[in-house]
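Down below is the structure, laid out as structure tokens.
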Amino acid sequence: MTTIQLTVPADAAFVGLVRSTAAHTAAHAHLDMDQIDDLRLAVDEAFALVIGTSGVTGDVSMTFSITTQGLGISLTGPRGVEAPEQGAFAWVILSALVGDAASEVADGQVTITLHSKAGASA
């Protein structure tokens, strides 16, 4: 397994860096072009969810885990952001773009975990 960690400010200005990192690691995880495009959009949506809209400051910590099965991405936002609603439109879109999506709240921080399988459509 290969693990890459990235921490960026919880600011929408950094979404391009996050999307590029996701696409690059997805290519190394042998995802196909459609999966890479879907994952790029899913990470964009997940990043928006973990930074929220309430002006909370802090960092977003991300872990990209490349395995023989595919790619796992975990995004943890700053404290004070509300957990995403599982039935909300943003969550439905996010879930449709990857093989598996989950969220949890621990110590006041939202974590969203995404997983795409190599060589299989989401």
Using a Gaussian network for the chain with springs between C-alpha atoms less than 10 Å apart, which of these wobbles most: 76, 68, 21?
68
Residues 4, 73 in order from fewest to most other beta-carbon atoms within 10 Å are 4, 73
For the chain, what does -39500 (n - 2.57) per DSSP helix run (n ≥ 4), summed and divided by total residues, give at 222 nm, in deg cm²/dmol to the nearest 500?
-11000 deg cm²/dmol
Convert each backbone phi in region 96-110 into a coupling constant with the Karplus relation 6.51 cos²θ - 1.76 cosθ + 1.60 (shift: θ = phi - 60°), then list the ³J(HN,Hα) values in order as whole Hz, x for Gly and Pro.
6, 8, 10, x, 8, 9, 8, 9, 8, 10, 9, 6, x, 10, 8
Which residue fluctuates the most in the chain, going by a Gaussian network model with Cα springs under 10 Å, if the choices are 90, 42, 29?
90
Taking Cα atoms only, helix 33-51 is inclined relative to the longest principal axis of the chain by an angle, in degrees rounded to 10, of 10
Could you identify which residue out of 89, 47, 64 has the top mean-square fluctuation in a GNM of the chain using Cα springs shorter than 10 Å?
89
Rounded to the nearest 10 degrees, what's the angle between the helix 15-28 long axis and the longest principal axis of the chain, both from Cα atoms, 0 to 90?
30
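Since every read-out is calculated from the coordinates, none of them should be taken as a lab result. Keep in mind the model is a prediction, meaning the values are calculated, not measured. Cβ coordinates were reconstructed from backbone atoms using ideal geometry, including for glycine residues, and neighbour counts include every protein chain displayed.
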